[in-house]
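Notes to accompany the following structure.
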Amino acid sequence: MSTGSVSRLGVGVFSIVAASTDGGSIVFHGLSPAATWAAYRLAAGAVSAASASRVARSRTTITRQPWRLPPLGANRARSRMLNSVASGSGSSVNSRAANVVRMTSKSSMIPSLAGSPEDTPLGYDRGGRRREPMRHREAMRRSAMRGWVRLVALAIVVVAALPAAAVVQVRGGTIRVGMDADTTTMDPHRSTAAVDRQVYNNVYSKLVDIDARFGIVPQLAQTWEIKGGGLVYVFKLRRGVKFHDGTEFNADIVKWNFDRMRDPELASPRRSEIAPVKDVKVLDPFTVEITLSSPFAPLLSVLTDRAGMMVSRAAVEKYKDDFARNPVGTGPFRFVEWVKDDHLTLKRFDGYWEAGLPHLDEVVYRPIPDSSVRFTAMRTGQIDIMHQIHPKDVATAKTERGMKVSEIASLWWQGIHLNNQVAPFTNKTIRQAVWYAVDRSVIQRVAYFGSGAPGWGPFPPSMWAQDRDFTDWKRDPAKVKARLAEGGMPNGFAFTVKGWNQPTQIQELQIVQAELKEVGVDMKIELLEFGKLLADLNSHNFAALRIGWSGRPDPDGNAHVFLHSKGGLNRVRYSNPKMDELLDQARSEGDQAKRKALYAQVTRLAAEDAPYIWLHHDAEVKVWSEHVKGFEHISDGMMRFKGVWLDKR
């Protein structure tokens, strides 16, 4: 290796970079602490005590980032300490990529690690005669080069012999979660709030789940088969699964859960989600067959959410309506307590069916509605991970030391619900006037600080169903005036919109209020806490109400429940037979290109009828402390904690 050169030697998954003696350094890159220390010790073992003494006298320093290695020949006590590090007892093995050993001599030369006279002073030959300077420097250079070759060779041997260090997952600890609102119910078959789903994903296992790419993956159902032209689904269930109350999960329980959701007396929002299910049959204790009345393309996607969450029959029969505060599932954590507006606590379920999981002892959810207060709690270490950050704080969070930020496309839509059975919104042309009065681009730029995307329908940009050719959603004051005149209100009208008392949504409504005022419409804003807002929505107690939807992986989940006349979340009581027909066709169609064409028609008809004024599609942002490990951020926004662990060392 000539002066000034750099060589790279690949060894398995590691790489070693040996710099020339001009730089006087050797870098071991990509090693675990154990491997780094072992390579260092083996290389240093080739240096005798006298050589080590000379290295020290020439003010050689050896540094390791982020933890330090001692100089060659340093005291034995410290060496013993670092030996314990190498064995894995003194340092995390998760910083493999950061491990660097540098040996640097002020003289820009490193003495030979082998072959030089151990007791010969620098600059003298064996006979004690002073060497001629150039000859001495050349000899030292040649000696150093031989040392480098041996050092690299020794390091290669060490690295080749050491396996790649595995991530050490720490068991125990409590993760504190900052939520934007309190949970509304712990019964997944009755829930209508997105905040509930955050907790459910850690209490209830589902028949199937989604991965980061929205692929369907097994959970309680290990395999499934689709037969009969898409009309029959046969699920093979996982054996040995227990509920938190000790009762067994089996095919009878699956059938009972479907019967419960389909029972009209329960009035479950899940009923419309699984409306095509005609029959559920138990074939054997761990095989269940679901028969549909017509092909239903979104079925598996639907089962990745609350419709696929299995609850304990014994617990429901024991607690009846109070099951909502005494939930029992098969998930990684069991319910402990729920103190309204203060905290909800889960503990590890030791009988969980996935071996070795979960790692955490406890999960504590804290509702902190004000996003600024929630972010302050994150910055001051009062919580470990937060759901929903104000768009203005994202840039700050990304520069905050010790904080991780992930921003990805979401499935959300935000909008104003117009009650089609309450004046003046019984009149379609008046609803259209509001549609054309809103400048969604301003909302995105001002209220959301440029994040996310303007919303003009139920399908976000992350979804293949969005009609990107549709443009009839931009603000048009002339069309507003025309629609008001056509609707018999040329001088405008007044109404009240109910909204959540939350900073982003307040600002969003204030923008809409100002834009409507410019065209003669007086919109008053009534702010409510989230639970009251949701109650008024579900009881149809509003003329206009602003609320969002967290979205589903399949477009059916973003549209059917809101736009179909029998949709489980159609609180605006909108009804159009043509819309029902389009949505039902899209559900039954298996070809995605044909479904996309149907959903384009849905988008345009929804804009024409304007039962909702869609405003925005949020970015999906999560913020967590760097000691939180193993968290996987998925676009559905759900925080799954079964694989999460804490590293606070």
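Things worth noting here:
- Test result for PRO391, touching a Ser or Thr at 6+ places or on another chain (Cβ under 6 Å) and either modelled with pLDDT under 95 or surrounded by 14 or more Cβ atoms within 10 Å (Cβ to Cβ) (or both): yes
- Filtered residues of the range 277-287 (kept if surrounded by 16 or more Cβ atoms within 10 Å (Cβ to Cβ) and touching an Asp or Glu at 6+ places or on another chain (Cβ under 9 Å)): VAL280, VAL282
- Looking only at residues in the range 471-489 that are over 17 Å from ARG604 (Cα atoms) and among the hydrophobic types (A, V, I, L, M, F, W, C), the one that is surrounded by the fewest Cβ atoms within 10 Å (Cβ to Cβ) is ALA478.
- Among (1) farther than 22 Å from SER635 by Cα; (2) of a type outside the set (A, V, I, L, M, F, W, C); (3) without any contact (Cβ under 8 Å) to a residue 40 or more places away in the chain - the single one GLY215 does not satisfy: (1)
- Residue in the range 254-261 that is in the same structural domain as LEU292 (by TED's automatic domain parsing) and outside any helix (DSSP H, G or I) present: no
- Test result for GLY520, surrounded by fewer than 21 Cβ atoms within 10 Å (Cβ to Cβ), in a strand (DSSP E or B) and of a type in the set (Gly, Ala, Ser): no
- Restricting the range 229-270 to residues that are among the small types (Gly, Ala, Ser) and under 23 Å from LEU346 (Cβ atoms), the residue that is nearest to the chain's Cα centre (by Cα): GLY240
- Annotation: PRO332 fulfils all but one of (1) surrounded by fewer than 18 Cβ atoms within 10 Å (Cβ to Cβ); (2) not assigned by TED's automatic domain parsing to the domain that holds LEU266; the unmet one is (1).
- Figure legend. Inter-residue proximity from the range 482-503: first residues in a helix (DSSP H, G or I), second residues β-branched (Val, Ile, Thr), beta-carbon distance below 6 Å, spacing 6+ or different chains. Indicated pairs: ARG483/THR429; GLU486/THR429.
Here is a yes/no grid of residues against (1) within 24 Å of PRO424 (Cα to Cα); (2) in contact with a Phe, Trp or Tyr (Cβ under 7 Å, 6 or more places away or on another chain); (3) modelled with pLDDT of 95 or more; (4) among the basic types (Lys, Arg):
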| site | (1), (2), (3), (4) |
| --- | --- |
| GLU526 | yes, no, yes, no |
| LYS532 | yes, no, yes, yes |
| ASP536 | yes, yes, yes, no |
| ALA543 | yes, yes, yes, no |
| HIS560 | no, no, yes, no |
| ARG571 | yes, no, yes, yes |
| TYR574 | yes, no, yes, no |
| MET579 | yes, no, yes, no |
| LEU582 | no, no, yes, no |
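- All positions within the range 281-310 that are in a loop (DSSP other than H, G, I, E, B) and farther than 29 Å from ASP591 by Cβ: PRO285, PHE286, MET310
- Residue match in the range 267-283 (condition: free of Cβ contacts under 8 Å to residues at least 40 places away in the same chain, touching a helix residue (DSSP H, G or I) at 6+ places or on another chain (Cβ under 6 Å) and more than 21 Å from ALA194 (Cα to Cα)): yes
- Filtering the range 596-649 to residues that are surrounded by fewer than 18 Cβ atoms within 10 Å (Cβ to Cβ), of a type in the set (Asp, Glu) and not assigned by TED's automatic domain parsing to the domain that holds HIS540 leaves GLU626, GLU632, ASP647.
- Residue in the range 555-575 that is crowded, with 22+ Cβ neighbours inside 10 Å and of a type in the set (Ser, Thr, Tyr) present: yes
- Residue among VAL316, VAL328 that alone is under 26 Å from GLY531 (Cβ atoms) and part of a loop (DSSP other than H, G, I, E, B): VAL328
- Only one of ILE525, ILE506 that is aliphatic (A, V, I, L, M) and within 27 Å of the chain's Cα centre (by Cα): ILE506
- Of all residues making up the range 195-214, the number that are more than 23 Å from GLU362 (Cβ to Cβ) and within 15 Å of the chain's Cα centre (by Cα): 5
- On the stretch given as the range 239-253, residues that are surrounded by fewer than 20 Cβ atoms within 10 Å (Cβ to Cβ) and assigned to a loop (DSSP other than H, G, I, E, B) total 6.
- The residues listed here are ALA409, ALA437; of these, the one that is touching a residue at least 24 places away in the same chain (Cβ under 8 Å) and under 22 Å from the mean Cα position of the chain (by Cα) is ALA409.
- Taking the criterion of being within 23 Å of the chain's Cα centre (by Cα) and of a type in the set (S, T, N, Q), the only residue of the range 215-228 that qualifies is GLN219.
- Yes/no for GLU273 being of a type outside the set (Lys, Arg), within 33 Å of the chain's Cα centre (by Cα) and either under 19 Å from SER191 (Cβ atoms) or not assigned by TED's automatic domain parsing to the domain that holds GLY308 (or both): yes
- Restricting the range 436-470 to residues that are more than 17 Å from GLU608 (Cα to Cα) and hydroxyl-bearing (Ser, Thr, Tyr), the residue that is surrounded by the fewest Cβ atoms within 10 Å (Cβ to Cβ): SER441
- Scanning the range 331-351 for residues that are farther than 16 Å from GLN198 by Cβ and either aromatic (Phe, Trp, Tyr) or within 22 Å of the chain's Cα centre (by Cα) (or both) gives ARG334, LYS347, ARG348, PHE349.
- Out of ALA251, ALA212, one residue alone is out of contact with any Gly (no Cβ under 9 Å at 6 or more places or on another chain) and farther than 22 Å from TRP549 by Cβ. It is ALA251.
- Any hit, the range 559-570, residues being under 22 Å from the mean Cα position of the chain (by Cα) and part of a loop (DSSP other than H, G, I, E, B): no
The values are calculated or read from the model by the stated rules, or taken from the named source; none is laboratory data. Since the model is a prediction, treat every value here as computed from it, not as a measurement. Counting neighbours? That spans all protein chains shown, and the Cβs are built from the backbone with ideal geometry, glycine included.
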